[in-house]
Amino acid sequence: MQKVRARQRELGIPESFEWVAETTPTLRAAVEASGLVVHEHPLMVLDPCTPAAPADWLSGNISVQVVGADDPVLPSALAVPHLAFAEPGTHVGLAGTPQLAEAVDTRVADGSVERAMVRIRAGLTVVAAAVEHGLALSAGQHQPLAGVSEIVGVGTLPSARRRGLALAVTAALVADAHSRGAETVFLSAGDDDVAQIYARLGFRRIGTALIAEPVE
């Protein structure tokens, strides 16, 4: 494990590991012995018999859309999940549009937006967002490959929570994944409370995703 982590540092990639607890139960001890912290997340898959979710439950000026590589919404769609994950949970938080503007500047400066544009154009990543006044208040992605797609990074601006935005974004990602031929759509929920939200769209828990990262 230490050799793998050393190679990750050499390549300049994150020192992290992801696996399914139920399929590799002995890996956790080795990972923790290397000094990494392991986080547990509900692993969920969409029931293929689930009907499409309605797309009209949001009110006001909010629209949910797939975001193209050249869409001016893209930088905020990439930035908002980072603010969401910095204030985990489903409660209404503190970070709002001023913090979102700062996070957008960071994503542009570190090359994240440019890298995402390349992946979107190659069909490797699809971004969806709930947009109000030209800014993404909630956003996420799915990664389609050979009939399977993983939904990742769905997050809502903490000050805009409890409005159904993440649910609407996830529904849009599911619809797009199906339109691209994905027969299996899965995700890892942040915690059990978040898993209950995804269950409303027809996702069911099938296991435990383990993510190991260095101690901050």
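The values are calculated or read from the model by the stated rules, or taken from the named source; none is laboratory data. In this text, all values refer to a predicted model and were calculated from it rather than measured experimentally. Glycine gets a Cβ as well: all are built from the backbone with ideal geometry, and neighbour counts include every protein chain shown. What goes into the accessible areas is simple: the full protein's heavy atoms, side chains included, and nothing from ligands, DNA or RNA. Shrake-Rupley method; radii C 1.70, N 1.55, O 1.52, S 1.80 Å.
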Which percent of the accessible heavy-atom area of the chain goes to carbon and sulfur, probe 1.4 angstrom?
55
Test of understanding: in a Gaussian network model of the chain with alpha carbons linked when under 10 Å, which of SER63, SER179, SER149 would top the mean-square fluctuation ranking?
SER179
7 Å from Cα along Cα→Cβ at both GLU213 and ALA86: what's the point-to-point distance in nm?
1.3
Assuming 0.36 nm per residue, please report the length gained on full extension of the stretch ALA33 to ASP47 beyond their Cα-Cα distance.
1.4 nm
Please compute the modelled spin-label separation between SER179 and ASP70, points set 7 Å along Cα→Cβ, answer in nm with one decimal.
1.9
Per-residue counts of other Cβ atoms within 10 Å, averaged by peptide: what ranking do you get for 121-129, 100-108, 88-96, highest first?
121-129, 100-108, 88-96
Would you work out if region 138-211 is rounded, prolate or oblate? Take a ≥ b ≥ c from the square roots of the eigenvalues of the alpha-carbon gyration tensor; rounded if a/c is under 1.5, else prolate when a/b is larger than b/c, oblate otherwise.
oblate
Here the FRET efficiency for GLU40 versus ARG115, based on Cβ atoms and R0 = 35 Å and rounded to 0.05, is 0.75
Mind listing P(r) for region 59-155? All alpha-carbon pairs, 10 Å bins, whole percents.
16, 50, 29, 5
Can you give the log10 of the normalised intensity I(q)/I(0) at q = 0.12 Å⁻¹, computed with Debye over equal Cα scatterers of the chain?
-0.67
Under 18 Å from a point 7 Å along the Cα-to-Cβ line of ASP193: which residues of region 119-156 have their amide N that close?
154-156
Using just the helices of the chain, give the 222 nm mean residue ellipticity in deg cm²/dmol: DSSP H runs with n ≥ 4 each add -39,500 (n - 2.57), and the total is spread over all residues, rounded to 500.
-11000 deg cm²/dmol
Could you sort 162-171, 183-192, 4-13 so that the peptide with the highest average Cβ count within 10 Å comes first and the rest follow in order?
162-171, 183-192, 4-13
How many angstrom separate the Cα center of region 1-79 from the Cα center of region 121-186?
12
Assuming a ≥ b ≥ c are the square roots of the Cα gyration tensor eigenvalues, decide whether region 93-216 counts as rounded (a/c under 1.5), prolate (otherwise, with a/b larger than b/c) or oblate.
rounded
Need the full-extension length gain, THR23 to ARG205, defined as separation in residues times 0.36 nm minus the C-alpha distance. One decimal, nm.
64.1 nm
Row for region 89-132, column shape: gyration tensor on C-alpha, a ≥ b ≥ c, rounded if a/c < 1.5 i.e. under 1.5, prolate if a/b over b/c, else oblate; value oblate
Can you give the relative contact order of region 1-141 as a percent, counting alpha carbon pairs under 8 Å and 6+ residues apart?
26
Expressed as an acute angle from 0 to 90° and rounded to the nearest 10, what is the orientation of the C-alpha long axis of helix 112-122 relative to the principal long axis of the chain?
80
